[in-house]
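Colleague: First the structure, then my questions, so here it is.
The values are calculated or read from the model by the stated rules, or taken from the named source; none is laboratory data. Small disclaimer: the values here were computed from a predicted structure and weren't measured. Positions of Cβ are backbone-derived with ideal geometry, glycine not excepted, and every protein chain shown enters the neighbour counts.
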Amino acid sequence: EDVMSGYHEGYPYDLKENDHGMHATAEDVGTFLRALNDGSVFKPREREIYASIYEFEHGGWVPGYQSFAEYDEDIDAVVVAFYSTTDPKLYNWNLSEIINNRIFKILKKRKGS
C-alpha cells in the first residue's frame, strides 16, 4: 500500500502487485549514496579499491519503475529520482535522464548564486 504504482506502457496492470524489485525510500538511497561517496561506508583502503572498479551512482529499471541516484561533489548534493512509468522503447528512460540533468543544472545555478 505504501509503494507507488508502476506502469509499463502497453501492459494494463499495476506492477506494484508483482513480486519483483526492491523497496527503499529516496532518503535511504540518498543516505547510502552519500556514504559511498564520502567513504564512511568503507573500511580503510576499501573505498580506493571500489572506486577503481565502480562509479558510486545508480540507474536502474524494472517494468513499471525507474530509479536514479547521483552525487555531485562540486555542489555536495545527492539527487534521487524515482519514476513510475516505463516503456518498451525506453523513451521514458531517456526523458528521465534529461530531467535528472536539468535538476542538477538548477541546483548548480542556485548554489552559484
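Colleague: Looking only at the range 90-106, decide whether some residue is farther than 20 Å from Thr25 by Cα and not in a helix (DSSP H, G or I).
Modeller: yes
Colleague: Could I ask something else about it? Any residue at all in the range 11-25 that is farther than 27 Å from Asp87 by Cβ, of a type outside the set (Asp, Glu) and either touching a His at 6+ places or on another chain (Cβ under 9 Å) or part of a helix (DSSP H, G or I) (or both)?
Modeller: no
Colleague: So which residues in the range 2-38 are on the phi > 0 side of the Ramachandran plot and either exposed (fewer than 10 other Cβ atoms within 10 Å of the Cβ) or modelled with pLDDT of 80 or more (or both), if there are any at all?
Modeller: Gly10
Colleague: Still on this structure, please answer the following. Checking the conditions here, which among Ser96, Ser84 is among the small types (Gly, Ala, Ser) and at pLDDT below 95?
Modeller: Selected residue: Ser84, the only one of Ser96, Ser84 that is among the small types (Gly, Ala, Ser) and at pLDDT below 95.
Colleague: Moving to a separate point now. Can you tell me which of (1) under 11 Å from the mean Cα position of the chain (by Cα); (2) buried (at least 16 other Cβ atoms within 10 Å of the Cβ); (3) modelled with pLDDT under 95; (4) not aromatic (Phe, Trp, Tyr) is the one Val41 doesn't meet?
Modeller: (1)
Colleague: Continuing with this model, one more query. Go through the range 48-104 and give me each residue that's farther than 15 Å from Leu33 by Cα and among the polar types (S, T, N, Q).
Modeller: Listed by number, the residues that qualify are Ser52, Gln66, Ser84, Thr85, Thr86, Asn92, Asn94, Ser96, Asn100, Asn101.
Colleague: Something else: Suppose we keep only residues that are free of Cβ contacts under 8 Å to residues at least 60 places away in the same chain, in contact with a Ser or Thr (Cβ under 6 Å, 6 or more places away or on another chain) and under 12 Å from Asn100 (Cβ atoms) within the range 44-84. Which one would you say is surrounded by the most Cβ atoms within 10 Å (Cβ to Cβ)?
Modeller: Here the residue is Gln66.
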